[in-house]
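J.: One structure coming up, written as structure tokens, with questions to follow.
The values are calculated or read from the model by the stated rules, or taken from the named source; none is laboratory data. Computed from a prediction, not measured in an experiment: that's the story for all the values here. Reconstructed Cβ throughout: ideal geometry from the backbone, glycine too, with neighbour counts over all protein chains shown. All accessible areas refer to the heavy atoms of the entire protein, side chains included, with ligands and DNA or RNA removed. Shrake-Rupley method; radii C 1.70, N 1.55, O 1.52, S 1.80 Å.
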Amino acid sequence: MSNPLVLVVGKPNVGKSTLFNRIIKEKKSIVLDYPGVTRDHVYAEARWDERAFMLVDTCGIFEDPEEIIAKQQKEVVLNSIREAALVIFVVDGKNGLTSEDHHIAEFIRKSGVDVVLAANKAEGFEKYESFIKPDLYQLGFGEPIPVSAEHNRNIDELLDEVVEKLENKGISIRYVKEIEEDENTIKVAFIGKPNAGKSSLFNAITGMKKAIVSDIPGTTRDTVDQIVTIDENTFKFIDTAGMRKKSTVKYGTIEMYSIIRTIKTIEKSDVVVLLIDATEGVTQQDKKVAGLAENNGKGTIIVFNKWDLIEQEKREEFINKAKKELYFINYSPVIFTEAKNSKGIKEVIKKIVQVNESRNREISTSILNQALERHMMMTPPPIKKGKRVKLYYGVQVGVRPPVFTFYANMPKELSKSYQQSIRNMIRKYIDPFEGSPLFLKFEERKR
């Protein structure tokens, strides 16, 4: 049985994300002090008094949205309200109601969903009681609960009310989870430039329209995740904000916080799906993201999206050029997709599983050293200071990613190119470790 959905809704800049973060006890939603920061639904399990429910932070609803993204935001929120078990309707407890509050209230009433009315920013209690609270009864949602998300005031009373309303509906909420995330869950991050099609791919795989999709770059700002089971494999898919060039990102902006989240997402993932807009080709920013994933020991898959827009006669030239640009992760599988039409999705899933297996693969010491001996016969180590470098033996010392330690008489004299030749030897004669970087260490051992 899945946890019931509880939506946090309201007009822009009433503190929904601050309240969301306060309830789940972590900073998952981006919070800045101006309207329209949250664009995507952000999901997290909320726990209170041995109860659990799925809390959803939503974007602010504009009464008359003019931009296409604002219109999509409103449509997504309104559709989500119909699926929710309960809505926390957040209003401004400091400045009172506006026409937008009444507009949202009218739709909520028509949807028939249960409501808990939260008056946020109600730090000035006397002003709230005398001038704000009387007007809130006009909304028709009963007794409002004054809270201060920023100062952590009265959150317990709000949660008591949420839990009581859910249980009065006959919903069991005692720590029920959809799917447990455990050590076998494959954490997959979709990374790439804005408008490369990350959200389309995310939606196609998860089968849920949780991430807003549009043709305007920079639509996704928060990370959006979903746990899904496909063919007995459990995945945690994470859709991230597009990575922009640092020169175009100002300090303290939404984009800056989104990039920080993206980097942290890479660090926490197992496999990074680098999504590249085929109509643009490989950019410097794509190479930086790929390098970041490799340096963090993450598996990588290169996905060229919008492949249908590349003319047939130009595809071979495109592929050859792309291989040169991404030569440093030439161990990564390359997939061509049309995310909007779900083409290539099965291949992406298949490769994610294979790449994750590569990161966890272990090889025996005997097989490693047999290959090492053959390699040194064909390509002897260099001679330094009149003495040949000797590699005595190697052993695998770690996984996720695979790490190998080789013992030599003069390890510091091994050139980067010779170290790379050993890495190539492992992939060629032992296992390709598709999609996974290999980390090598060289330590001194005298004989």
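J.: Are any of the residues in the stretch 71-79 buried (at least 19 other Cβ atoms within 10 Å of the Cβ), of a type outside the set (Phe, Trp, Tyr), at pLDDT 90 or above and closer than 26 Å to residue 265 by Cβ?
T.: No: zero hits.
J.: Scan the stretch 309-346 for residues that are over 23 Å from residue 203 (Cβ atoms) and of a type in the set (S, T, N, Q) and jot them down. Talk me through it step by step, then tell me what you get.
T.: First pass over the stretch 309-346, keeping only residues over 23 Å from residue 203 (Cβ atoms): 311-332.
Matches in the stretch 309-346: 312, 320, 330, 332.
J.: If you go through the stretch 1-14, how many residues are in contact with a Lys or Arg (Cβ under 6 Å, 6 or more places away or on another chain) and not β-branched (Val, Ile, Thr)? Even if it seems obvious, please write down each step before you answer.
T.: Initially, the stretch 1-14 is screened for residues in contact with a Lys or Arg (Cβ under 6 Å, 6 or more places away or on another chain), giving 8, 10.
Those left that are additionally not β-branched (Val, Ile, Thr): 10.
Final tally of qualifying residues: 1.
J.: Hey, another quick one. Scan the stretch 204-228 for residues that are at pLDDT 80 or above and farther than 21 Å from residue 298 by Cα and report the count.
T.: If we filter the stretch 204-228 for residues that are at pLDDT 80 or above, which is where we start, we get 204-205, 227-228.
Next cut, farther than 21 Å from residue 298 by Cα only: 204.
Here the count works out to 1.
J.: So, one more: Can you tell me how many residues in the stretch 139-154 are loosely packed, with under 13 Cβ neighbours inside 10 Å and in a strand (DSSP E or B)?
T.: Adding up the residues that qualify gives 0.
J.: For the stretch 422-447, give me each residue that is of a type in the set (S, T, N, Q) and closer than 15 Å to residue 368 by Cβ.
T.: Pass one, the stretch 422-447, residues of a type in the set (S, T, N, Q): 424, 436.
Scanning the stretch 422-447 gives a single hit, 424.
J.: On to the next question. Among the residues of the stretch 415-424, are any touching a residue at least 40 places away in the same chain (Cβ under 8 Å), open to solvent by less than 20 Å² (accessible area, probe 1.4 Å) and not polar (S, T, N, Q)? Steps first, answer last, please.
T.: Residues of the stretch 415-424 that are touching a residue at least 40 places away in the same chain (Cβ under 8 Å), as a first pass: 421-422.
Applying the additional criterion that residues be open to solvent by less than 20 Å² (accessible area, probe 1.4 Å) yields 422.
Filter again for not polar (S, T, N, Q), leaving 422.
Yes: the stretch 415-424 contains one or more residues that are touching a residue at least 40 places away in the same chain (Cβ under 8 Å), open to solvent by less than 20 Å² (accessible area, probe 1.4 Å) and not polar (S, T, N, Q).
J.: Looking only at the stretch 331-354, which residues are touching a residue at least 40 places away in the same chain (Cβ under 8 Å), among the polar types (S, T, N, Q) and either in a helix (DSSP H, G or I) or open to solvent by 30 Å² or more (accessible area, probe 1.4 Å) (or both)? Spell out the reasoning first.
T.: Initial filter on the stretch 331-354 (touching a residue at least 40 places away in the same chain (Cβ under 8 Å)): 331-333, 336-337, 339-340, 342, 344-345, 348-349, 351-354.
From what is left, the residues that are among the polar types (S, T, N, Q) are 332, 337, 342, 354.
Hits for the stretch 331-354 are 342, 354.
J.: Same structure, new question: What number of residues within the stretch 188-205 are part of a helix (DSSP H, G or I) and either among the aromatic types (Phe, Trp, Tyr) or closer than 9 Å to residue 277 by Cβ (or both)? Don't jump to the end; show me each part of the working.
T.: Residues of the stretch 188-205 part of a helix (DSSP H, G or I): 198-205.
So of that shortlist, the ones also either among the aromatic types (Phe, Trp, Tyr) or closer than 9 Å to residue 277 by Cβ (or both) come out as 202.
Count: 1.
J.: Looking at (1) of a type in the set (A, V, I, L, M, F, W, C); (2) under 21 Å from residue 165 (Cα atoms); (3) out of contact with any Phe, Trp or Tyr (no Cβ under 7 Å at 6 or more places or on another chain), find the lone condition where residue 115 falls short.
T.: (3)
J.: Within the stretch 355-387, take every residue that is surrounded by fewer than 13 Cβ atoms within 10 Å (Cβ to Cβ) and basic (Lys, Arg) and give me the one that is farthest from residue 233 (Cα to Cα).
T.: Only one residue tops the list, namely 385.
J.: Answer yes or no: is there a residue in the stretch 155-167 that is farther than 19 Å from residue 19 by Cα and in a loop (DSSP other than H, G, I, E, B).
T.: No, the stretch 155-167 contains no residue that is farther than 19 Å from residue 19 by Cα and in a loop (DSSP other than H, G, I, E, B).
J.: Please count how many residues of the stretch 357-384 are without any contact (Cβ under 8 Å) to a residue 24 or more places away in the chain and not acidic (Asp, Glu).
T.: Restricting attention to the stretch 357-384, the residues satisfying the condition of being without any contact (Cβ under 8 Å) to a residue 24 or more places away in the chain are 357, 364, 366, 370, 373, 376-378, 380, 383.
Checking which are not acidic (Asp, Glu) leaves us with 364, 366, 370, 376-378, 380, 383.
Going through the stretch 357-384 one residue at a time, the tally reaches 8.
J.: Also, quick follow-up: Among the numbered criteria (1) free of Cβ contacts under 8 Å to residues at least 40 places away in the same chain; (2) buried (at least 16 other Cβ atoms within 10 Å of the Cβ); (3) closer than 27 Å to residue 357 by Cα, which single criterion is violated by residue 428?
T.: (2)
J.: May I ask you to list the residues in the stretch 105-138 that are in contact with a strand residue (DSSP E or B) (Cβ under 8 Å, 6 or more places away or on another chain) and not in a helix (DSSP H, G or I)?
T.: Residues satisfying the conditions are 113, 114, 115, 116, 117, 118, 119, 120, 121, 122, 123.
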